[in-house]
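A short worksheet on the structure shown next.
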Amino acid sequence: MKGVCRTCGKEYKGQQKTICGPCFKKARIAHGIVDKPRKVGRPFLPKGQAKSYTLHTRVTKEETQQIKAAAKKANQTISKWLRERILT
């Protein structure tokens, strides 16, 4: 048995309904019947721990290679290595 969704107009297989599954799920979320799914990604850091500024600088290709090698030798990310070098 096929039906046509009254919301999106797509045909779907299954019981005779007036709305397809994906549209039904969106409608439930919109009307607050179910909680919204959690967003994917890293959770927020506590206030004051997040880094909120970005510094830009230009370096040559050779300097970039030297910085990458030094950070790798120190077993650190480039950002962490540069931050420690600048602030100490």
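Just so it is clear, none of the values below were taken in a lab; they were calculated from the coordinates. Remember, predicted model here, so these are calculated numbers, not experimental data. With ideal geometry, Cβ positions are generated from the backbone for all residues, glycine too; neighbour counts draw on all protein chains shown.
Miscellaneous remarks
- Among Glu84, Glu11, a tally of other beta-carbon atoms within 10 Å of each Cβ gives an order, fewest to most, of Glu11, Glu84.
- Label sites at Phe44 and Lys80, each approximated as a point 7 angstrom past Cα along Cα to Cβ, lie 2.5 nm apart.
- The phi-based Karplus calculation (6.51 cos²θ - 1.76 cosθ + 1.60; θ = phi - 60°) puts the 3J(HN,Hα) values of the stretch 51-65 at 8, 10, 10, 10, 9, 10, 8, 9, 9, 6, 4, 5, 5, 4, 5 Hz, whole numbers, x for Gly and Pro.
- Approximate spin-label separation Cys8-Lys61, in nm, with each point projected 7 Å along Cα-to-Cβ: 4.9 nm
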